[in-house]
Amino acid sequence: MNMKIAFVGKGGSGKTTLSSLFIRHLAAAGAPVVAVDADINQHLGPALGLDETEAEALPAMGEQLSLIKDYLRGHNPRIASAATMIKTTPPGEGSRLVRVREPNPVYDACARPVELDGGAVRLMVTGPFTEADLGVSCYHSKTGAVELFLNHLVDGPDEYVVVDMTAGSDSFASGMFTRFDITFLVAEPTRKGVSVYRQYKEYARDFGVALKVVGNKVQGQEDIDFLHSEVGDDLLVTVGHSDWVRAMEKGRPPRFDLLENPNSRALHALKAATDATYELRDWERYTRQMVHFHLKNALSWGNERTGADLAAQIDPGFVLGEGVAAPV
């Protein structure tokens, strides 16, 4: 299976912890994994076992935006220059696509291997956000680097790309929330936890987004019943207290195969749900949605920002998919 997976949720929900456990689970099964930290709060590196110095040394995708654009543009005649690319620019004939296992300049500049039980994963991060970034172009360039990467990604069989991202409005405006085969929304059994779910469900309704809820910090049947009553069949699994996670948060994780059985079963359920969506893949719809959000962003700010007609970047005959040949 080859899948793109998003973990979303409000701050403090345990989203990053769960995404890091899922990444460890995939790596332990021997699957090639690219892990991407696209959250405003950059915590995925430490959750995967990096110390503070190692996490701070990770290269920021946002700082490599020019390189990313130059590489992905390739020889696409519809894109005059990297300067006219925005975060929603879709690929077309002549664009360079990226694949999970390959070496390429984007990975050289932005990805670093992280050793886990059972194998290594590639980790990419947007880079730390400051208060000055929020609401301005710097913030968009950081998440925009991730979006361009996803727009040009062709993931092959038995490969996984796991993105730890916020549940915020920026991913809705740009269309990044449609880039995934499945989205896991991590929710605590509280009114606030399920309100984030309702907002996401509402935005995603018209776009065929596969959304499943992972109930976290669940302490008993009453919490499970509450989540069932609020989210219904979208509740996939629930996760409770974990001594393994407590040890990991202290920087002393035991071997991953010592994770508690109920939590290990929950991770198996996440992988099974992920793999089941492979048969539902619709590359034409995926490409159509890219075009939809690109036109929307072009009209609202992109044309003015770049001084170009960004609708001309769309290649009407191009459909992204596993059979697309890479340009020389």
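The values are calculated or read from the model by the stated rules, or taken from the named source; none is laboratory data. All values reported here derive from a predicted model rather than from experimental measurement. So basically every Cβ, Gly included, is an ideal-geometry build from the backbone, and we count neighbours across all protein chains shown. For accessibility, only protein heavy atoms count, side chains too; no ligands or nucleic acids. Shrake-Rupley method; radii C 1.70, N 1.55, O 1.52, S 1.80 Å.
Quick look at the values:
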quantity	calculated
Accessible area expressed per residue, the range 49-112, with surrounding protein chains retained (probe 1.4 Å, Å²)	46
Charge dipole (the chain, unit charges on Cβ, about Cα centre) - positive-most of Gly45, Gly307, Phe226	Gly307
Set of lysines near Lys10 by C-alpha distance (under 28 Å), chain-local residues within fewer than 8 positions excluded	Lys87, Lys142, Lys192, Lys201, Lys212, Lys217, Lys250, Lys271, Lys296
Label-to-label distance, nm, for residues given as Ala83 and Arg205 (7 Å Cα→Cβ offset)	4.4
The range 1-69 and the range 204-228: distance between their alpha carbon centers, rounded to Å	22
Val196 - accessible surface, heavy atoms, 1.4 Å probe, Å² rounded to 10	20
Exposure rank, largest accessible area first [His152, His241, His228; 1.4 Å]	His241, His228, His152
Candidates Pro91, Pro103, Pro59: whichever shows maximal mean-square fluctuation once the chain is modelled as a Gaussian network with Cα springs under 10 Å	Pro103
Mean residue ellipticity (222 nm) of the chain, computed from DSSP H runs ≥ 4 via -39,500 (n - 2.57), nearest 500	-11000 deg cm²/dmol
Under 5 Å, built H, 5+ apart or other chain: amide partners of Glu159	Asn2, Met3
Cβ-based charge dipole, the range 265-328, positive-most Cα from Leu267, Val291, Gly317	Leu267
Net charge dipole size for the chain [Lys, Arg +1 and Asp, Glu -1 on Cβ; Debye, nearest 20]	360
Under DSSP loop assignment and at most 12 Cβ neighbours within 10 Å, longest trypsin sites (Lys or Arg not before Pro)-free interval of the chain	102-249
Cβ charges +1 (Lys, Arg) and -1 (Asp, Glu), total dipole of the range 206-328, debye	500
Protein accessible area in the chain, 1.4 Å probe - carbon and sulfur %	51
Local net charge near Asp257, Cβ-Cβ under 13 Å (Lys/Arg +1, Asp/Glu -1)	0
Charge dipole of the range 1-87 about the Cα centre (unit charges at C-beta), most positive-ward option of Ala35, Met3, Ser20	Met3
Solvent-accessible heavy-atom area per residue, rounded to whole Å², over the range 210-326 at 1.4 Å	57
Environment charge of Gln219, counting only residues whose C-beta is closer than 14 Å and scoring Lys/Arg +1, Asp/Glu -1	-3
Average Cα contact separation per residue, the chain, under 8 Å, 6 or more apart, as relative contact order %	27
